[in-house]
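For reference, the structure discussed in these notes is given below.
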Amino acid sequence: SENECYQLLADDTILTWDGATYVEQWCANPIWCFYYLMINNRFGLGNYLKTTDYTLAELLEESQYCEEKVPDGLGRWEKRFRMDVVIDSPQKALDLLVQLATIFRGMPFFTDKGKVKISIDRPADPVQLFGMGNIERGSFEQQWNSKRNIPNIVNVQFDNQDNYYQQETIPVPDTASLQARKPISTENVRYYGTKLSYA
């Protein structure tokens, strides 16, 4: 079925999977790297989390999204997300997971059933519509952020693999805002990937 296939980047070959067999081997798919970090007893959170805390079918779906072929901005193709990092110093587990999740626009969270779910910020069908008919009176509060607080230049810091992994910063401008002569507002973010196209 479609949920049990991966497409090779090199030649678009479709690889099928039996839907049940998982193999432990090297990969750069951020979902599976993230999952392994969560369940590993030696360097991860395996002493605190169990493999049963994860819904593998949902992880598979998110991993396939990471594998999809997208343009790299230079006339070639690349996988949507990949994880190329070195973790060489102790960090708080939650901080590390949140940092690594930025690589694939992910958000790890616990469900109401105590399971760990990883969700990628991506287009999806709405699952709930909120309106006056289904909100309890007095329970809803709405706030709006000032447009002045929305940056029109984001400076992205990353370790560039094409420059011996030197730390670099690239500006990503909101061209429409700048052309409209809106005041310059910048924000600095740290991206934990290693490719300019991903940053």
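Some notes on this structure:
- Checking Tyr65, Tyr54 one by one, the residue that is open to solvent by less than 30 Å² (accessible area, probe 1.4 Å) and more than 15 Å from Pro108 (Cβ to Cβ) is Tyr65 and no other.
- Among (1) farther than 25 Å from Ser63 by Cβ; (2) hydrophobic (A, V, I, L, M, F, W, C); (3) in contact (Cβ under 8 Å) with a residue 12 or more places away in the chain; (4) not in a strand (DSSP E or B) - the single one Val172 does not satisfy: (4)
- Filtered residues of segment 136-165 (kept if open to solvent by 100 Å² or more (accessible area, probe 1.4 Å) and either in contact with an Asp or Glu (Cβ under 8 Å, 6 or more places away or on another chain) or not acidic (Asp, Glu) (or both)): Arg137, Phe140, Gln142, Gln143, Trp144, Asn145, Lys147, Arg148, Tyr164, Tyr165
- Every condition in (1) open to solvent by less than 70 Å² (accessible area, probe 1.4 Å); (2) not in a strand (DSSP E or B) is met by Pro108 except one, and the failing one is (2).
- Of all residue pairs spaced 6 or more apart or on separate chains, none has beta-carbon atoms under 6 Å together with a first member in segment 83-104 that is closer than 26 Å to Gln64 by Cβ and among the hydroxyl-bearing types (Ser, Thr, Tyr) and a second member that is modelled with pLDDT under 85 and open to solvent by 60 Å² or more (accessible area, probe 1.4 Å).
- Residue among Tyr198, Tyr191 that alone is closer than 21 Å to Asn29 by Cα, touching a strand residue (DSSP E or B) at 6+ places or on another chain (Cβ under 6 Å), aromatic (Phe, Trp, Tyr) and touching a residue at least 40 places away in the same chain (Cβ under 8 Å): Tyr191
- Being at negative phi and open to solvent by 80 Å² or more (accessible area, probe 1.4 Å) is a description that applies to Trp26.
- Filtered by the rule that a residue be farther than 23 Å from Asn41 by Cβ and open to solvent by 80 Å² or more (accessible area, probe 1.4 Å), segment 76-105 gives Arg76, Trp77, Arg105.
The values are calculated or read from the model by the stated rules, or taken from the named source; none is laboratory data. Keep in mind the model is a prediction, meaning the values are calculated, not measured. Quick reminder, even Gly has a Cβ in these numbers, built from the backbone with ideal geometry, and neighbours come from all protein chains shown. Accessible surface is based on the protein model in full, side chains and every heavy atom, while ligands, DNA and RNA are left aside. Shrake-Rupley method; radii C 1.70, N 1.55, O 1.52, S 1.80 Å.
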